[in-house]
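Have a look at the structure below before the remarks.
Bear in mind these aren't lab numbers, they're just calculated from the coordinates by the rules spelled out. Source: prediction; values computed, not measured. All Cβ positions, glycine included, derive from the backbone under ideal geometry; neighbour counts span all protein chains shown.
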Amino acid sequence: MTQAEALDILKTGVNVFLTGEPGSGKTHTINEYVKYLRERNVAVAITASTGIAATHLGGMTIHSWSGIGIKNKLDGYELNKIAGNEYIFKRIKRARVLVIDEISMLSAETLSMVEAVCREVKQNMLAFGGLQVILVGDFFQLPPIYPVRNRLDEKLLEQSRLYSTRRRNLFKISNGVSETQAELFEENFGHFAYDSSAWARAKPLVCYLTEQYRQDDDNFLAVLAAIRGNYFDEEHFEHLEARKISFKKTPPNALKLFSHNADVDKLNNEMLSKIKSEPEIFEMTTQGPAGLVEILVKGCLSPEILELKIGAEVMCTKNNKQMGFVNGTIGQVTGFASDSNYPIIRTRHGQTMEIEPMEWTVEENGRIRARLTQIPLRLAWAITVHKSQGMSLDEAVMDLSHVFEYGQGYVALSRVRRLAGLYLLGWNERAFLVHPEILEKDVAFRTESNNAELAILGLASGEKEKLHHNFILSCGGNLKIGLKKLK
């Protein structure tokens, strides 16, 4: 499915699971849809499963937006308490569209809690309280962090499977809880978000993007497709084996990707210490409620205290089209401005620029609730695979010998545009594996997407336009761009 076809489906107001391979333009498609909605005064909530993904989109984590925070389960008291919170109530009540990015990293249990909160606030038993929900991500990439259940948890889960409809009704009557709460209490959760009853209730149409905007190397595309399709063989392995290199021979300025934070911090600190000069220190400043500030800080790729020296390898951590850099642009510090002391970097493409502080913000109802300000840079001799998700890199050195999660190697490899820019230090048996359950699920997703594509293609342009207009009007928006919503 093309991005244009996916946008046509999104504009009808149906719930959507937007997926596709890395580099297929999922974020671009969502940004276009959000722009379309905002131009027509439709309130859209931008969220993600992680702080890093949320800051890329200019939103907040779904945990913060829904008020569930770090909870891994809700009882009736907690659900009522969240729905009674003034800020949470207002933001959910106002929203007409909910975007959740990096859905692969959100557990089924968390998605069900979010959906329960939406229904409780909206007092509407439709999926997510009647919101259009857009789930964005690729299940071949990083999965949710799912703690191992103890024996007591397993026993309780087994007991929950025994609830019949009669017992469920008795439970509701005796405890005085709502339909939403009863469903949440009895649900038997699976591993992935699509295992949640919230997913089944929402019945999202699948939009599987098939265009490729990152890689342009046929051999590399074949390798990535083989890993994704579980037909990775000797021929594909030879392409990667040819990219193996010792650490001493790696390009000195290429970004290094590791699976563990300890390896990243160690290398960055070692490299910075080798530069024999005093560092320039840049401290992050913050404003707003402590909880929101904490979320921003965790999601910001720039550190709270940034130490830089001339010669340091750095990576831009935010998009600034005016200046000509994006999140992931690699460069080297060449000096510090005489008047402001801000760092001056030279990018790999030869562009020299002064990097001024930028803001990361959380907005709600058109008002900034929290912000942080920092130089949008971080040391970039090395980063973790997790933090590289969403980036496009011209070259990278990767150590996949300590990969511990399905999809981790696939995420790392797919950051690079072509084989010529890939340098492998090593790998283990899990590096080229994806989750076996996702292989089967992906076939179903592709079939559903093909069916949705045929349905859209079968509509006349006038019919599509009418559906688009009806959805905007049902959200209280305006058909003409720029008109203010009537109160």
Per DSSP H run of n ≥ 4, the term is -39500 (n - 2.57); total these for the chain, divide by its residue number, and report the mean residue ellipticity at 222 nm rounded to 500 deg cm²/dmol. -11500 deg cm²/dmol
Of the listed peptides 194-207, 82-95, what is their order by residue-averaged count of other C-beta atoms within 10 Å, with the highest listed first? 194-207, 82-95
Between Glu234 and Arg38, what is the label-point separation in nm under the 7 Å Cα-to-beta-carbon projection? 5.4 nm
Net charge of Cβ neighbours under 14 Å - reference Arg417; Lys, Arg +1; Asp, Glu -1: -1
What distance in nm separates the two pseudo spin-label positions at Glu86 and Gln332, each 7 Å out from Cα along the beta-carbon direction? 5.5 nm
Can you tell me, using C-alpha contacts under 8 Å and at least 6 residues apart, the relative contact order of the chain as a whole percent? 20 percent
What is the distance, in nm, between label points placed 7 Å from the Cα along the Cα-to-Cβ direction at Ala200 and at Glu429? 3.5 nm
